[in-house]
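Chemist: I'd like to ask some things about the structure below.
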Amino acid sequence: MSYFADLSIYTYSKGFIHPKTYNIGWLDNKNLYPTGNTSDTFIDCLFEICCSPVAQTRGWHSCPFCDEYPVEIHKNNQTLVLGSAEIMVQGREIVYMAPNLIVHYVVAHKYCPPTDFIDAVVE
């Protein structure tokens, strides 16, 4: 999967271009990422957003940190298979695009996205 720095301009999928669309959570094992604890509310909301992905692809990506394949997350009697789509989160006058693997990165690898993204997910 491609690496993009958080809050860089989104260019991955040409079909979802909004003038103010930014990357979040495009991680790889060659670049450091911010870590920390996030709230259960944020994780629950992020999981729900990942249940309705956009930009579905034909292939699957594994986790670059634990090589889990396929990457699955279980919550509320639901199982999501991750790594083949993106999520879109509407912020204040901006849009965030992230791989749906982001929920795995947050839960399993303590990835801590920017505060504005967390706020947009919870709102």
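Chemist: When you scan the stretch 44-60, how many residues do you find that are within 17 Å of W26 (Cα to Cα) and modelled with pLDDT under 85?
Modeler: Matching residues across the stretch 44-60 total 5.
Chemist: Something else about it: What are the residues in the stretch 61-79 that are crowded, with 17+ Cβ neighbours inside 10 Å and either of a type in the set (A, V, I, L, M) or at pLDDT below 90 (or both), if any?
Modeler: Once the filter is applied, which keeps residues that are crowded, with 17+ Cβ neighbours inside 10 Å and either of a type in the set (A, V, I, L, M) or at pLDDT below 90 (or both), the stretch 61-79 yields H61, V71, I73.
Chemist: Considering only the stretch 82-123, state which residues are basic (K, R) and modelled with pLDDT under 95.
Modeler: Result: R92, single match.
Chemist: On to the next question. Residues G36, G83: which one is small (G, A, S), crowded, with 18+ Cβ neighbours inside 10 Å and on the phi > 0 side of the Ramachandran plot?
Modeler: Exactly one of G36, G83 is small (G, A, S), crowded, with 18+ Cβ neighbours inside 10 Å and on the phi > 0 side of the Ramachandran plot, namely G83.
Chemist: Mind listing just one residue for me: the one in the stretch 62-101 that is more than 15 Å from the chain's Cα centre (by Cα) and in a strand (DSSP E or B) and, of those, nearest to V121 (Cα to Cα)?
Modeler: The selected residue is K75.
Chemist: Could you please give the count of residues in the stretch 1-33 that are in a loop (DSSP other than H, G, I, E, B), surrounded by fewer than 18 Cβ atoms within 10 Å (Cβ to Cβ) and touching a residue at least 40 places away in the same chain (Cβ under 8 Å)?
Modeler: 6
The values are calculated or read from the model by the stated rules, or taken from the named source; none is laboratory data. Since the model is a prediction, treat every value here as computed from it, not as a measurement. All Cβ positions, glycine included, derive from the backbone under ideal geometry; neighbour counts span all protein chains shown.
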